[in-house]
Amino acid sequence: ISPSGRRMGKGHQQRGAPAGKRLLFPGRRGSPRGLPGGGGATGAQRFLLGLFMHAWLWVASGSYAQVFNLSLSVDEGLPPDTLVGDIRAGLPAAQQQEGGGFFLSEDSDDSPLLDDFHVHPDTGIIRTARCLDRERRDHYSFVAATLLGAVVQVEIRVNDVNDHSPSFPRDSLKLDVSELSPPGTAFRLPGAHDPDAGLFSTQGYTLVQPSDLPEDPAGPFFQLRYGTPGSPQSSSPLEPLDLVLLRRLDREAELSGVVRVQRPLDREEQAWHQLVVEARDGGAEPEVATVRVSIAVLDVNDNPPAIHLLFLTEGGAARVSEGAALGDYVARVSVSDADGDPEQEEEAFGEPGVGLGGGSISLSLEGGDGAFALRSGGSPGVFFLCVEGPLDRENRDLYDLRLVATDETLLLRVADLNDQPPFFSREHYLASVSEAAAPGTAVVWVSASDADEAGTDHARLRYSLVHLPVRCNPEGVWPSAAECGPSFTIDPETGVISTVRSLDREVQEAVELRVVAQDLGEPPLTATCLVSITVDDVNDNEPIFRRQVYNATLAEHAPVGHCFLQVKASDADAGLYGFVEYSLYDGFQSYDASPAFQIHPHDGRICVSQDIDRERDPATYDLLVKAKDGGGLSAQAFVRVEMEDVNDNEPVFNPSTYVMSISGQTQPGTEIINVLATDRDSGIYGTVVYELIPGDLSSLFTIDSTSGIIYLTSTLSHLESTTLLLMVCARDGGGLTSVVNADITIHILQTTLAPAEFERPKYTFSVYEDVPENSPVGTVKAKESLNSSEPIFYRISSGDLDRKFSIHPWLGVIRTQKPLDHETQPVVVLTVQAQLGSLPAYSSTEVNITVIDVNDNHPVFPKASDEVQIPQTTLPGTALYLARAQDKDSGKNGFIRYTIASQNPSIFAIDSGLGAVFLNESLGSHVPRKCTLTLAAQDLGVPSRASLLVLTVAIEEQEQSPSLAFENLIYQVEVSECLSLMTQILQIQAYPLGPQRPSSRLLYSLEPSTDSAVFGVRPDTGWIYLRRQLDYESTQTYNFRAFAWIPEDRLSQNVSTSVIVHVLDENDNSPTFLHDVLFLKVEESPVPQGVIGKITAIDRDSGKNGQLSYFLLSDGKFFKMNPNTGEFISWVALDHELQGHHQVTVLVTDHGSPPRNATMVVYVSVTDINDNSPYFPQCLPGEELHVKVLEGQPVNMLVTTVFAKDFDEGNNAEVVYSVSSGKRLSGMGLRSCGQFIFVILSYFS
């Protein structure tokens, strides 16, 4: 009895009568204690009670009724009124004392429950109503309900008893056995059938000697051979015959017997045998059945005839009187043969005392010269020697007579000549073979026959092949002789044609062979047949695109349906395998359909599927075309579509407002600021030119129309500290101007010096994480203007939140001031500023510091010790434990190898990479109950670091009572981190060891731990399900234990197993850049600079989901990206004067499905070098400037002003003026600081 309660309504509700059942009132039929049964007088009462029960079940099923299970069993054959059980035993203890009786509902069946059982409606006592027969019905099921709403599901199982005997299909059998049958020949006997099941069915056979026959002193002629133990036992009469013929002799009994000859038979000794085969079942007092087997020994002609003479003369001697008359008898001759006459054998079979000898024998007389003759004696085999002619002793006194007796067997063999050629059953054989067939594969069997004497060389055949001219595929590259050479061979003995090398249908579609069959006679004769073999195609060729990369140009706003490109792939296979279909995906690493384009699946034409606006949509489309054949093989090609632009966008300043401060000592020609406007159009329509709108003091500045750089054209020393406002307009190549102009606010500070400038726009240093504090990292250097003597002061303005670094304020040496940790922060990016004296203006540079990893972390086990229990029957090779350590270091410093440092005894092994501990030898009696292993996890750093784990393996003793065992000692499963809650991920299964209680109910649970809290287990089924959301980025592996036990068996212990859940990463994190915006500086150069920076992004995902690729979305003219490393490459020469600033957008995308991406903006500043000479705007090259001045002007009078311009910037653009000595200028002087010409003499020469 195993009651278990569950709450109805939580999982489902049942209303009314349960499906497949019918309502019963127990008093209707077979009512105990004289309760009324059926009858006309009580029909109305039964009708009302039935209505009441339907109404009650309808009400009860609408509420949350409890359902309990009750399992009962009873043996078959017990007398009526035998107690079976009590329904109340299925109720909880608190409800067992409640009254009210039961209502019943039973399964629909041909044998109603109440015909076989009495169920008391008040007490719930179940008794048998008649003698049960398991072979008629072995299971009953019904539902009993109380008036309080509790429902008990009752299951009654009928146990089998040994109430049937085995039975053979017939009472007697007859076998005909040739006397030449060799020892070991077997003869099939039908098996016995027993309707009982299990041990009570037929279990074996015995050969019994009949009591009415004497026992042979030389031992029995026959024995029985049984099947092997472990064969499925069944009561089916058809199964034993199949099972017995497949088993060898074994005394441990099986289902069907085989009679086997144990020693040679001799029909002349005993022409027939009587045997009795007895079948028995496995009951305590076995039931038996017998069958009588009569075995007739069939005769063969293996004995010569025998002649017996009886002389009828006087004295019985071989004498005859010369006076004997003609016809007188001389002797009686009888002839016998131990072999029998087959017709007489049939008549005399089974009749003891009837002789089987004296068959048809002929007797002849040789010699005597006609004096004697043989006459038949009437009886078979009896002859008389009679006097046939006159005898005269004086003429002849001795006759030599020969009696020759022969049986009727006469063999006359005709010698064979090789006069028959071989003959093929078919003149033309057709066969096919797959081109994927391995060498040695049999293709077709050809067979010829020869009418000459079998077994002689005249009939022995040998096969050979004649290869007909090869037909190779004319398409494509002409195949070599080896490719079209012989592909098949034939077995000369059997005629089986097989392959000798790999086949290729694309080279050779069909093969014609001629087979020659030749006998071994003299002279040899031959026959031929034709064999046609077709090579069947397999899908062994992928589609091949004519080009791997296609480039196309498409004007924006092309009409929908316009086809602008056709891709083509071919497949060398035939039929369905050569049929290619095309599909189009949006992006090189995407499998999402492109919304802007579509491809014709059969001809590969790519067409526009929506309106495309280059300014709104991408300017470049990277498409992936996939060609897939009918067998699933595929190839891909890449398509890049460039969109052509029209001038439909005006320039836009971003930002449109600029604010800055400059020193009043700033020299003319200095770059002040760079305004930037962009036009979403491309080509000439996207080219932007800049204009400085005239205004107050705007004449002090000029703007480079191409780059947007504003230069100072005049000194500012004459101005007080003030604020200037400038306005810049942008116009594209198509004439459209910016709607919003750029406003520049310039604060002029009256300082004496210009700010310092760093020697390099970016510095890169590296330092080991274990360096002591105050260790130098690197030095930055800024240079001041030529006329400055002010010191330069350095400071770290950003990037060092934890204050791990310091910089010397005037030397620029960067040092560590706190311990570094590669695992916490592998890269540090600092911004260092340089300030000249006390000037408010300053310059800045970027410092990248890479923290190099050292092996400063040990591998760490989750716990210092652990214990695992295994049964003593564990087989070698079983995984027992999974050790897992973590090392925070990276590279080889974080790569872990596992070893067993020590173990006692040495019966375990470990996988060095996985950390899985295996049993290496059997657990014999010599192995202690507990084995201790010390596991070591060691990294590959220099020097290496290690940690230890003490593992105790407890070996469970084999108990007398049945115990439990899990199907696996370790369960492992991989699940996605995006799995929804309550999803079932793994089923663990335990089973009882031993034959007892095979249907005992098992319960499962999980050990309380941090890992197991994420999961739950169904206690009755063992299904483990998800209770909390998984996150691969926080936890990749969960390791916990699960338990199983039998609640009814308090003596048995629970068993455990390890469950390991590996979380699979999903692409749920987008890449992120280390910086939102990146500023790079590079010197202009007449040659490309190569790598000028590196873009770094991180992705918390792993594998392909975390594998990143970098692309440029704009400005592919000057720069390129390394898609794998993120290196930013200058691949054309940069000229500061042509374009001093570049803005590019970088896209990073992962390889997940679907992919995720992010973008960032990189600003590249091209710094100036002194590659331009100054020039005078007032005077064109090669011309002179003529200035008139009145004579008599005083000294230091201003004559004119000249201005020189240099396209370089900074010190490279600072111009120093001088006057060349000359006769005509001897009266003039030039002040280089003011760029003015003054009269320095009062007269001209």
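I'd like to compare 515-523, 623-631, 395-403, 299-307: which one has the highest average count of other Cβ atoms within 10 Å, and what's the full order after that?
Details: 515-523: 17.4, 623-631: 20.2, 395-403: 10.6, 299-307: 14.7.
Put in order of decreasing packing, that is 623-631, 515-523, 299-307, 395-403.
Evaluate the distance, in nm, between pseudo-label points positioned 7 Å from the Cα of residue 825 and of residue 727 along their respective Cα→Cβ axes.
It works out to 4.7 nm between the two label points.
Tell me, in nm to one decimal, what length is gained between residue 445 and residue 1087 on full extension, where the rule is 0.36 nm per residue of separation less the Cα-Cα distance?
Values: separation 642, 0.36 × 642 = 231.12 nm, distance 7.53 nm.
223.6 nm is the gain from fully extending residue 445 to residue 1087.
In the stretch 826-929, which trypsin sites (Lys or Arg not before Pro) fall in coil by DSSP and have 10 or fewer other Cβ atoms within 10 Å? List each step's numbers first, then the result.
Working: sites: 863, 884, 888, 892, 897, 929; in loops: 863, 884, 888, 929.
Listed in order of number, the matching sites are 863, 929.
Within the stretch 901-928, what residues put their amide N at less than 16 Å from the label point 7 Å along the Cα-to-Cβ vector of residue 879?
909-920
Which of the GluC sites (Glu not before Pro) found in the stretch 881-960 are in a DSSP loop and have at most 10 neighbouring Cβ atoms, other than their own, within 10 Å?
957
Whole Å is fine, so just give me how far the alpha carbon centre of the stretch 576-650 lies from that of the stretch 672-729.
Here the answer is 44 Å between Cα centres.
Non-local amide H neighbours of residue 765 (under 5 Å, H modeled in plane, Pro and chain starts lacking H): which ones?
848, 849, 850
Gain in length, residue 122 to residue 532, computed as 0.36 nm per residue apart minus the alpha-carbon separation, to one decimal in nm?
139.0 nm
Take the Cα of residue 644, step 7 Å along the line toward its Cβ, and report every residue of the stretch 538-564 whose backbone nitrogen sits under 18 Å from that point.
Of the residues in the stretch 538-564, 551-564 have backbone N under 18 Å from the label point off residue 644.
Hey, got a sec? Which trypsin sites (Lys or Arg not before Pro) in the stretch 1136-1211 land in a DSSP loop and have at most 10 other Cβ atoms within 10 Å?
1188
Between residue 1159 and residue 1023, what FRET efficiency follows from the Cβ-Cβ distance if R0 is 45 Å, with the result rounded to 0.05? Don't skip to the end; give the middle numbers.
Numbers: r = 45 Å, r/R0 = 1.00.
With R0 = 45 Å, the Cβ-Cβ based efficiency is 0.50.
So for the pair residue 130, residue 522, with labels modelled 7 Å out along Cα→Cβ, what separation do we get in nm?
So the two model labels end up 8.9 nm from each other.
Each residue of the stretch 908-916 in turn: what ³J(HN,Hα) in whole Hz from Karplus with 6.51, -1.76, 1.60 and θ = phi - 60°, glycine and Pro shown as x?
Using θ = phi - 60°, the values come out as 10, 9, 9, 7, 5, x, 8, x, 7 Hz.
Which pairs break 31 Å Cα to Cα here: 628/1117; 628/892; 892/1117; 888/1094; 1094/1205; 626/1081?
628/1117; 628/892; 892/1117; 1094/1205; 626/1081
Sort 1040, 758 by Cβ crowding within 10 Å, fewest neighbours at the top. Could the numbers behind the result be given before it?
Working: 1040 19, 758 23.
Result, fewest neighbours first: 1040, 758.
Calculate how large, on average over all directions, the projected area of the Cα convex hull of the stretch 544-644 is; give the answer in nm² to one decimal.
Directional mean of the projected Cα hull area for the stretch 544-644 stands at 5.9 nm².
For residue 817 and residue 187 in the same chain, what is the full-extension length gain: residue separation times 0.36 nm, less their Cα-Cα distance, in nm? Let's see the in-between values first.
Values: separation 630, 0.36 × 630 = 226.80 nm, distance 9.84 nm.
Once the chain is fully extended between residue 817 and residue 187, it gains 217.0 nm.
Computed from the coordinates by the stated procedures, all read-outs in this text should not be read as laboratory data. Computed from a prediction, not measured in an experiment: that's the story for all the values here. FYI the Cβ positions are ideal-geometry reconstructions off the backbone, even for glycines, and counts take in every protein chain you see.
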